[in-house]
Amino acid sequence: MEGREEWLEWRRQGIGSSDAPAIMTGEWVWRVWLSKVSHDDGGDNNAMRRGRYLERGVGQWAADELGVTLSDASRVVHPKQTWMRCTPDFILTSDSGHRVGLEVKTYRSKKGWGIEGTDQIPDRVRWQVDWQMAVCRATRWCVVVYITSSDDFWLYNIRRDRERESVLIKRCGTWWKDHVVDRKPPTLDGSNDCRQ
């Protein structure tokens, strides 16, 4: 079994789906930069641990609700832009063989989550899923969220949006070249990541 260091090294070689939202929103961009140019992955916290521990159970719950099979996903590298990469949480497979990616989230708050069954999800999650669809060349993705504070379980269907994707790839590609390839630090700001 591969260790954490090998996985982090693979992540350093490109922009992943958890990096793309940071680049698009400007939040935690220093943490992303440090993770690419050094061996500082920003550490871990309880929210991240909660997500890892609950991910498989919530994913299986989604598969059961949808009547499909849950399976692990592999790492994916875009065939032309090798700096574009992702590791989807899971793959859902129907009896007919149709496959779709699944992004699993556990949140404490309902803030940003819209009506179940729509594409009304928090912007950070949407950028993450947009990135996964771009890398995997998928036309649809499922998102499931389990709200821990209220015991809510919601499923969402996201369709590929080529306009959003184009903006996303352009901005992330420029960021990758400027800040990782050319090693230019991001703009100084007042964030904790920047101060550290």
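The values are calculated or read from the model by the stated rules, or taken from the named source; none is laboratory data. Only a predicted model underlies this, so the values are computations on that prediction, with no experimental measurement involved. Neighbour counts run over all protein chains shown; Cβ positions are idealised from the backbone, glycine included. Remember, those area values only see protein heavy atoms, side chains included, never the ligands or the DNA or RNA. Shrake-Rupley method; radii C 1.70, N 1.55, O 1.52, S 1.80 Å.
Quick notes
- Options W113, W141, W154: the member that is without any contact (Cβ under 8 Å) to a residue 60 or more places away in the chain, open to solvent by 30 Å² or more (accessible area, probe 1.4 Å), out of contact with any Lys or Arg (no Cβ under 7 Å at 6 or more places or on another chain) and within 21 Å of E65 (Cβ to Cβ): W154
- Listing of helices (runs of 4 or more DSSP H) fully contained in segment 17-110 that carry 2 or more residues being more than 14 Å from the chain's Cα centre (by Cα): 29-37, 46-66
- Qualifying positions in segment 113-150 - of a type in the set (A, V, I, L, M, F, W, C), part of a helix (DSSP H, G or I) and in contact with a helix residue (DSSP H, G or I) (Cβ under 6 Å, 6 or more places away or on another chain): W127, W131, A134
- Residues of segment 56-87 satisfying the condition of being in contact with a Leu (Cβ under 7 Å, 6 or more places away or on another chain), without any contact (Cβ under 8 Å) to a residue 60 or more places away in the chain and under 21 Å from Q128 (Cα atoms): Q60, A63, L70
- Unique match (being within 18 Å of D89 (Cβ to Cβ), among the small types (G, A, S), surrounded by fewer than 20 Cβ atoms within 10 Å (Cβ to Cβ) and modelled with pLDDT of 95 or more) among G51, G57: G57
- Selection of segment 110-150 for residues being aromatic (F, W, Y) and more than 16 Å from V76 (Cα to Cα) yields W113, W127, Y146.
- The number of residues in segment 157-170 being among the basic types (K, R), assigned to a helix (DSSP H, G or I) and surrounded by 14 or more Cβ atoms within 10 Å (Cβ to Cβ) comes to 1.
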